[in-house]
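Shown next, in structure tokens, is the structure this report addresses.
Nothing in this text is a laboratory measurement; each read-out follows from the coordinates by a stated rule. For clarity, every value in this text was computed on a predicted model and none was experimentally measured. So basically every Cβ, Gly included, is an ideal-geometry build from the backbone, and we count neighbours across all protein chains shown.
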Amino acid sequence: MVNLSVKIGRLELPNPVMTASGTFGYGQEYSEFFDIERLGAIVVKGLSYVPKQGNPPPRIAETPAGMLNAIGLQNIGVDRFIAEKLPHLRTLDLKVIANFFGDSIVEYVKAAEALTDSGGVHALEMNISCPNKQAGWIVFGTNPDAMREVVTAVRKATDLPLIVKLSPNVTDIGMMAKVAEDCGADAVSLINTITGMCIDTKTRRSKIANVTGGLSGPAIRPIAVRMVWEVNKSVMIPIIGMGGIMTAQDALEFIIAGASAVSVGTANFINPVAAIEIISGIESYLLEHGIADINEIIGSLKT
């Protein structure tokens, strides 16, 4: 037997594998494929204080070793999530992490307060890859001052463990992680998608209506692993790694680089039971190498 349990701040997880926001719905959608209580945690689809319709289609395009999406953060809003989705999640023996966002500090705070008061949410993951409409549409996650202001405001609004999801579209992600830590974040998660585009050469139009979108999948994994390693050298708080994780070996790269846990995203679209296979694969790796505790290899990269 090996110990797979990890801690993300005050949040204790039975194993280090969770599902990435936007790829797993609200849990019920995947329940027919496996017992989702076996997950370390579920991160629900991103929520805003008021519902969002998202971008016009087409919104997804396949790319070599990846996927480009511009869903536009379509979601049912915090109130409907609490009324319609959370009751089922409360019945499960499962850690629930609510991903949320806003296009102003006020909206971030309102969403955080409502989710905190809802009961049944164990932690918040704050998506800061959103533009601030009150400050010339500067993206919160790419501007240290904007990020400092919004994370500080949300930290005051909730007593739940707060995870800040970092944008990779920055020059120094270690510095941005340090800003989150200094503002009271309990953990950081990274990376969010990388901005990209793909063109249909027959029509000379973008393959998605929004022109640009977020690139995910195996194509971005080496970048994500490098960024996790850089952040691990910059902060003391736990890291949740993500970006192109398809197998247990992929997940272990992130853990050895410094991640205490991982999120599985694009893989869910290809293989609905990917997260469960990754949990089993990590356990097999530990047994094979005579390692009794997953925590022994977190940040164990030899350089």
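At full extension, R148 and A292 could sit 47.9 nm farther apart than now, given 0.36 nm per residue minus the alpha carbon distance.
From zero up to wherever the largest Cα-Cα distance of the chain sits, split into 10 Å bins and tell me the percent of pairs in each. Taking every Cα pair in the chain, the percentages come to 6, 29, 38, 22, 4, 0. Only aspartates and glutamates eight or more places from K45 in sequence, or on another chain, were considered; those with a Cα closer than 12 Å are E29, E125. Loop-located GluC sites (Glu not before Pro) in segment 1-60 (DSSP state other than H, G, I, E, B) with a sparse environment of at most 14 neighbouring Cβ atoms within 10 Å: E32. For V225, the shell of other residues with beta-carbons less than 15 Å away shows a net charge of +1, using +1 for Lys and Arg and -1 for Asp and Glu. Database remark: amide H of S189 closer than 5 angstrom to the amide H of V164, K165, L166, I240 (H placed geometrically; neighbours at sequence offset of 5 or more, or on other chains; Pro and chain starts carry no H). Largest GNM mean-square fluctuation among A20, A65, A177, using the chain with Cα springs under 10 Å: A65.
Counting every other Cβ atom within 10 Å of each residue's Cβ, C198, C130 order from fewest to most as C198, C130. Cross-link reach is defined here as a Cα-Cα straight distance under 16 Å, omitting same-chain residues fewer than 8 places apart; for K7 the lysines meeting it are K95.
As a footprinting exposure proxy, order D182, D159 by other Cβ within 10 Å, with the fewest listed first.
Ordered by Cβ neighbours within 10 Å, fewest first: D159, D182.
In terms of other Cβ atoms within 10 Å, I208, I255 run from fewest to most in the order I208, I255.
The gain in end-to-end length when the V2 to I270 segment is fully stretched comes to 93.6 nm, 0.36 nm per residue minus the alpha carbon separation.
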